[in-house]
Amino acid sequence: MAKKKWLIYAVHPLFFLGIASCLFSNDSGSKNFNSKVKKPPTINDDMLENLPSFEDSYAVTYDFSGGRFGDNLLSYLHAKWISYKYNMLFLYRPFPYSDELALSKLETKINDYYYSHEINIFKRKIVCDSNLRYFRPSDLLVKNPSGSILYVVPYFPESGCKRTWFFNGSKKWSYFDIDWKDQGFRSIVLKMLRPIKAIKLCHCPLDKITVAVHARTGRGYDAEDCIRSAPNNVPPLEFYHEALKSLINIYPDRELYFHIFTDDPEPNVIATGIENYIKNIATAPFSVHYRTSKNRQNLNVIEDFFSLFQFDCLIRPDSNFSRVPSLLKEYKVLIYPSDLEKLGDRNYIISKIDVVRNE
């Protein structure tokens, strides 16, 4: 059936005219097979004053893991680092909710770039060290390429815990390191991640220590056995108790304002459990808040993501949704599970919790 369809196109005179216009047009806006890279759209200097210039022979984009917003955003950021570090054109691939971010308007779309071949970036050079595989881009930009090269950065976890205990198929994850504290990179990324439209953020009182608690319970979107098979992603209640105890020990005399971010269908149950635990250990005043209606995994995604940036402190699981804010913002206190102990097949427990202070 497909062959018959092509025969119809081949004999149609408009088909020949279309091919000829692609091959012989010299107009800079035309899509011809040997055209140079289209330049990014005009951007105001006060918006992206640190945006680097681009090399036309190279571009970089990203692939997805099949996960949710946080996973896709991490893929975007990994490729964005390569673009920033090696002065390469960055190509944007849309993903769910990305059309609500400034990057969807400011980045060059992948369909606007024409390349001769693409290369998985981890095929360039891989260094093996202590059973880990990481990318060393010392020879990334080859001299005199035969044509435009599109480098593709596959998804990989930023979490050292995931790299150690969980595999990419049957292999250790390939990855490269990023300087998340690089101010030039942060400046560009934060401008690209701005919401296009005004959104309603969580209220954070200025006279209290505000604490965002990202709670994943395994109910709803996640598999029910995640607490056993991936407790770093879906921590048991004991993790949150230990995290709360650590935070209260840091601020024993300060009033604390907690807000629970969760896609659990019954956030009130989580809030009640946390409130009852804090009552037993806190001496200073505190309050616990959460969204009381319209709470599920595909609602309030953008609002919750940007609200996380509003808080002084963050308690999070090993989730990319809350990991990304912790990579781009210096929280006064950041608490998360950082290592596991394996008890049996698909059976782990959290063995280490990191408490990071930035004040």
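The values are calculated or read from the model by the stated rules, or taken from the named source; none is laboratory data. Note that the structure is predicted; figures quoted are calculated from it, not measured. Cβ atoms come from the backbone with ideal geometry, glycine included; neighbour counts cover every protein chain shown.
General observations
- When restricted to residues that are more than 21 Å from Ile248 (Cα to Cα) and of a type outside the set (Ser, Thr, Tyr), region 330-359 contains 10.
- Residue pairs meeting the criteria (Cβ under 6 Å; at least 6 apart or on separate chains; first on the phi > 0 side of the Ramachandran plot, in region 302-329; second buried (at least 23 other Cβ atoms within 10 Å of the Cβ)): none
- Selection of strands (runs of 3 or more DSSP E) fully inside region 248-337 by the criterion of at least 2 residues being closer than 28 Å to Arg68 by Cα and touching a Ser or Thr at 6+ places or on another chain (Cβ under 8 Å) returns 256-261, 313-315.
- Condition met for Leu141 (loosely packed, with under 14 Cβ neighbours inside 10 Å, of a type outside the set (D, E, K, R) and either at pLDDT 90 or above or part of a loop (DSSP other than H, G, I, E, B) (or both)): no
- In region 190-235, of all residues being more than 29 Å from His78 (Cα to Cα) and exposed (fewer than 15 other Cβ atoms within 10 Å of the Cβ), the one that is modelled with the lowest pLDDT corresponds to Glu224.
- Some residue of region 156-164 being in a strand (DSSP E or B), at pLDDT 90 or above and closer than 20 Å to Val324 by Cβ: no
- The listed residues are Lys105, Lys80, and the only one of them that is more than 16 Å from the chain's Cα centre (by Cα), under 25 Å from Asp304 (Cα atoms) and at pLDDT 90 or above turns out to be Lys105.
- Selection count, region 144-155, where residues are at pLDDT 90 or above and either of a type in the set (Val, Ile, Thr) or touching a Pro at 6+ places or on another chain (Cβ under 6 Å) (or both): 2
- Filter result for the condition that a residue is in contact (Cβ under 8 Å) with a residue 60 or more places away in the chain, touching a Leu at 6+ places or on another chain (Cβ under 8 Å) and among the β-branched types (Val, Ile, Thr), over Val234, Val189: Val189
- Sole residue being closer than 29 Å to Leu73 by Cα, within 24 Å of the chain's Cα centre (by Cα), modelled with pLDDT under 95 and of a type in the set (Asp, Glu), chosen from Asp318, Asp264, Asp339: Asp264
- In region 166-174, the count of residues that are modelled with pLDDT of 95 or more, of a type in the set (Gly, Ala, Ser) and over 19 Å from Asn320 (Cα atoms) is zero.
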